[in-house]
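A.B. asks: Got a structure for you, written out below as structure tokens; questions coming shortly.
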Amino acid sequence: MSVKTVGLDLAKDVFQVHGISENGRVIFNKAIKRAKLLAFFENLSACIVGIEACGSSHHWGRTLRKHGHDVRLMPANYVKPYVKRGKTDAVDAEAICEAVRRPTMRFVEIKTEDQQAVLSIHRTRDLTVRQRTQLANMIRNLLREFGHILPLGVEAVTAFATRHLDGDQPDMPDIANGMLGMQCYQFIGLNERIAG
């Protein structure tokens, strides 16, 4: 009996695959190590492969499509209603297999490598902006501890950090000014990365 649909639960090292026939009979539900997953799918006749959209799902989607499989990614929250009992990898793979067969299921388009590369720019910039905000708050809080208040906005912190690194340091203990210097140096560096 040939496999018609596979639910693939991705993980870091051991993946779970749940395969069923056209009439819904379970053919396999087993764990496969990452190193052996591609060989497993190369030996499997072309079928529908359902995967929850997650960190490595686009990579695996592209890879399995190259081997003739019809890969369909689904948002995890669309798969969740099909989980029948406690959360395990085997149960998740079964739920993915069930969800991918639903006629009303909505799928996520598999991104190309170029699309993912562009997304990495956005994610990296977003992280850097959040780090800069955290650092600006640390600088403001350290200054407040010694009675120095900065105006609102990133520009005010940038101007202060530049002045501090040029030697214009507020009246506070040397240790605190040293820590402030490290924070200002990091802050200016983050500004440059964001601009880049």
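A.B. asks: Counting heavy atoms of the protein chains only and a 1.4 Å probe, report the per residue accessible area for the chain as a whole number of Å².
C.D. replies: Spelled out: the 1.4 Å probe surface of the chain, per residue, equals 60 Å².
A.B. asks: I would also like to ask the following. First compute the accessible area of the chain with a 1.4 Å probe, then give the percent of it belonging to carbon and sulfur atoms.
C.D. replies: With neighbouring chains kept in place, the figure for the chain is 53 percent.
A.B. asks: Give me the one-decimal nm value for the distance between modelled label points at residue 77 and residue 144, 7 Å along each residue's Cα-to-Cβ direction.
C.D. replies: For the pair residue 77/residue 144, the computed spacing is 3.3 nm.
A.B. asks: Number of Lys pairs in the range 29-121 with C-alpha atoms less than 22 angstrom apart, excluding same-chain neighbours closer than eight positions?
C.D. replies: Step by step, the pairs that qualify in the range 29-121 add up to 7.
A.B. asks: On full extension of the chain, what length is gained from residue 117 through residue 67, given 0.36 nm per residue of separation minus the C-alpha to C-alpha distance? Write out the running numbers ahead of the final one.
C.D. replies: Values: separation 50, 0.36 × 50 = 18.00 nm, distance 2.30 nm.
15.7 nm is the gain from fully extending residue 117 to residue 67.
A.B. asks: Subtract the Cα-Cα distance of residue 168 and residue 13 from 0.36 nm times their separation in residues, and report this length gain in nm to one decimal.
C.D. replies: In short, 50.5 nm is gained.
A.B. asks: Please state the charge dipole magnitude for the chain, taken about the Cα centre, from unit charges on C-beta atoms (+1 on K and R, -1 on D and E), reported in debye and rounded to the nearest 20.
C.D. replies: For the chain, the charge dipole is close to 1060 debye.
A.B. asks: Okay, next question. What nm value, rounded to one decimal, do you get for the distance between residue 35 and residue 131 when each label is placed 7 Å out toward the C-beta?
C.D. replies: Between residue 35 and residue 131, the label points sit 3.4 nm apart.
A.B. asks: Mind listing the long-range amide H neighbours of residue 28? Cut-off is under 5 Å, sequence gap 5 or more, other chains count too, H placed in the peptide plane at 1.01 Å from N.
C.D. replies: 19
A.B. asks: With θ set to phi - 60° and the Karplus curve 6.51 cos²θ - 1.76 cosθ + 1.60, what are the ³J(HN,Hα) couplings of the range 68-79 in order, to the nearest whole Hz, using x for Gly and Pro?
C.D. replies: Ordered by residue, 3J(HN,Hα) equals x, 7, 8, 8, 10, 8, 10, x, 4, 5, 7, 7 Hz.
A.B. asks: I would also like to ask the following. Here are a few candidate values for percent of Cα pairs over 20 Å apart: (1) 64; (2) 57; (3) 61. Which one was actually calculated from the structure I just gave you?
C.D. replies: (1)
A.B. asks: Taking the alpha-carbon set of the range 1-115, what are its Rg and Dmax in Å?
C.D. replies: In Å, with Rg to one decimal and Dmax whole: 12.8, 39.
A.B. asks: With the Cα gyration tensor of the range 55-116 giving a ≥ b ≥ c as the square roots of its eigenvalues, does the rule (a/c under 1.5 for rounded; else a/b larger than b/c for prolate; else oblate) give rounded, prolate or oblate?
C.D. replies: Judged from the Cα gyration tensor, the range 55-116 comes out prolate (a/c at least 1.5, a/b above b/c).
The values are calculated or read from the model by the stated rules, or taken from the named source; none is laboratory data. Worth saying up front: this structure is predicted, and the values here are computed from it rather than measured. Because the Cβ atoms are built from the backbone with ideal geometry, glycine has one as well, and the counts that use them run over all protein chains shown. The accessibility values were calculated without ligands, DNA or RNA, using every heavy atom of the protein model including side chains. Shrake-Rupley method; radii C 1.70, N 1.55, O 1.52, S 1.80 Å.
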